[in-house]
Amino acid sequence: MVKSDSSLETSAEKRTTKRDPESSRRALILATLDTIAEIGITDTTVSKIIQRAGLSRGMIHLHFGGKNQLLAAAARSFGESYFEVLDQWVQGAGDDPEAIITAVIRADLSETLMNVRSTRIWHAFRGAANSNEGIAACSGTRDKRLHYIINTAFRQIARDSGESEESTLASDATFGLLVLLEGMWVDYLSNADAFSRDVAISIVRRFIAGLFPGRFS
């Protein structure tokens, strides 16, 4: 019996998936992120994802188990991509805590990380976090990894400045910096054309310099 064109496509797709399942996973995740950036998470349907990825509906179930799991995987991938870039900046700063904080600020506000596509995706995931535990785990307001990087550097600066172990300076600086950076992403999302990265970096550094006199000048 001669198979229909759709059957041939499905069979070829299955063979391709078996040979390179990771490629199919990446294609679906990328298609999900691109669709979210374009039309938002509410209107990101399975049909639109598979159309963009060039794969069948069954591939989502095969690789992720369903749409919610795919969205969670996309959120996780988005976070991993963020830290790939951030880690490069931080590693380039060496062991100097002030240089590490500066690297975090410049990386977070860079065109590579903070752009129209990424801020739309970030905002969409934040909005969906309450209804998807998988997304929530990757889209928290106070990311543990970022918090650790910043807080570790601030604690060293505080010690070097003669602060006692009981001082809340490092924790206050950490919370303040995270809030400022998040606020910059919100402002960029709303006013991308008027946003100045140089001004944003200057404002953040002035805030930190006020907490650590003689630093971050």
In order over segment 195-210: 3J(HN,Hα) from phi, Karplus 6.51/-1.76/1.60, θ = phi - 60°, whole Hz, x for each Gly or Pro, gives 6, 10, 5, 4, 5, 4, 4, 4, 5, 5, 5, 5, 4, 5, 4, x
Please give the charge dipole size of the chain, origin at the Cα centre, charges +1 on K and R Cβ atoms and -1 on D and E Cβ atoms. Round to the nearest 20 debye. 940 debye
Could you go through segment 71-85 in sequence order and give the Karplus-derived ³J(HN,Hα) for each residue, using 6.51 cos²θ - 1.76 cosθ + 1.60 with θ = phi - 60°, rounded to whole Hz, and x for Gly and Pro? 4, 5, 5, 5, 5, 5, 5, 4, x, 5, 5, 4, 6, 4, 6
Measure nothing fancy, just the Cα-based angle from helix 97-108's long axis to the longest principal axis of the chain, in degrees from 0 to 90, nearest 10. 40 degrees
Projected onto the charge dipole of segment 42-162 (unit charges on the beta-carbon of Lys, Arg, Asp and Glu, signs +1, +1, -1, -1), the Cα from Cys138, Gly66, Thr102 with the largest positive-side position is that of Gly66
Length-normalised contact order of the chain, Cα under 8 Å, at least 6 apart, in percent, tallies to 18 percent
For Kirkwood radius over Cα pairs in Å, the listed values are (i) 19.4; (ii) 18.9; (iii) 17.6; which was obtained by calculation from the structure presented? (i)
What is the percent carbon and sulfur in the accessible area of the chain, measuring with a 1.4 Å probe over the protein chains and ignoring ligands? 50 percent
Binned at 10 Å from 0, what are the whole-percent values of the Cα-Cα distance distribution for segment 93-191, short to long? 14, 40, 31, 13, 1
Order 28-37, 118-127 from most to least packed using the mean count of other Cβ atoms within 10 Å. 28-37, 118-127
Square roots of five times the C-alpha gyration tensor eigenvalues of segment 171-217, ordered largest first and given in whole Å, equal 22, 13, 4
Ranked by accessible surface with a 1.4 Å probe, highest first, in what order do Lys67, Lys144 come? Lys144, Lys67
Compare the Cα positions of Ser77, Val46, Trp122 along the charge dipole of segment 25-172 (+1 at Cβ of Lys, Arg; -1 at Cβ of Asp, Glu; about the Cα centre) and return the one farthest towards the positive end. Val46
1.4 Å probe accessible area per residue over the chain, in Å²: 56 Å²
Taking segment 28-139, the equivalent ellipsoid from its C-alpha gyration tensor has semi-axes in Å, biggest first, of 30, 13, 13
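The values are calculated or read from the model by the stated rules, or taken from the named source; none is laboratory data. Treat the numbers as computed from the prediction; the structure is a model and nothing was measured. Here Cβ is always computed from backbone atoms with ideal geometry, including for glycine, and neighbour counts include all displayed protein chains. We work out accessible area using only protein heavy atoms, side chains counted, and drop any ligands, DNA or RNA first. Shrake-Rupley method; radii C 1.70, N 1.55, O 1.52, S 1.80 Å.
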